[in-house]
Amino acid sequence: MSEADCLFCRIVAKEIPAEIVYETDRALAFRDVNPQAPTHVLVIPKGHYRDAAALAAADHGLADEVIRVAHEVALREGVVESGYRLVFNTGPGAGQTVFHVHGHVLGGRGLQWPPG
Ligand code: AMP
């Protein structure tokens, strides 16, 4: 499943460059172009799903894999001990701007809670 005009599908297809930090058969992790923390990596399924709810309703195990990949990225970035945040903005009202589900892995600095 892919959408020709989807930015993240185009990154999966290598039509748009990205700094890939980790990859499995079904998921891809790459650095956010506008990082909000020293570690700011986006984790996506390679297939196109609009948001976290669509991903959860999809193939068995794919949402689990995205979360496993997010944790692997956090390990590789060295932010597990200090703590990291995994955020899925869902819907425009929550700040989702790219409608191909992505988890933001944020770490490497103090992360306030609740977020602003
Ligand atoms: P969201 O606002 O939750 O939909 O997050 C979209 C994220 O995608 C933002 O943090 C952007 O900085 C990031 N982004 C947009 N274009 C690119 C790109 N070409 N490569 C990497 N990250 C991107």
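Nothing in this text is a laboratory measurement; each read-out follows from the coordinates by a stated rule. It should be emphasised that the depicted structure is a prediction, and the values quoted were computed from it without experimental measurement. Neighbour counts are summed over all protein chains in view; Cβ atoms, including those assigned to glycine, are modelled from backbone coordinates with ideal geometry.
Lys/Arg Cβ at +1, Asp/Glu Cβ at -1, dipole of the chain taken about the Cα centre: which of L7, V73, P114 is farthest positive-ward?
P114
Under a 10 Å cutoff between Cα atoms, tell me which one of A53, A74, A29 has the largest fluctuation in the Gaussian network model of the chain.
The residue with the greatest mean-square fluctuation here is A53.
Mind telling me which of T39, T24, T90 comes out most flexible in a GNM of the chain, alpha-carbon contacts under 10 Å?
T24
Using 0.36 nm per residue of separation minus the Cα-Cα distance, give me the extension gain between D5 and V98 in nm, one decimal.
Numbers: separation 93, 0.36 × 93 = 33.48 nm, distance 1.10 nm.
So the extension gain works out to 32.4 nm.
Using 0.36 nm per residue of separation minus the Cα-Cα distance, give me the extension gain between R76 and D64 in nm, one decimal.
2.5 nm
Considering only G78, G61, G103, give the residue with the highest GNM mean-square fluctuation for the chain, with springs between Cα atoms whenever their separation is below 10 Å.
So, out of G78, G61, G103, the one fluctuating most is G61.
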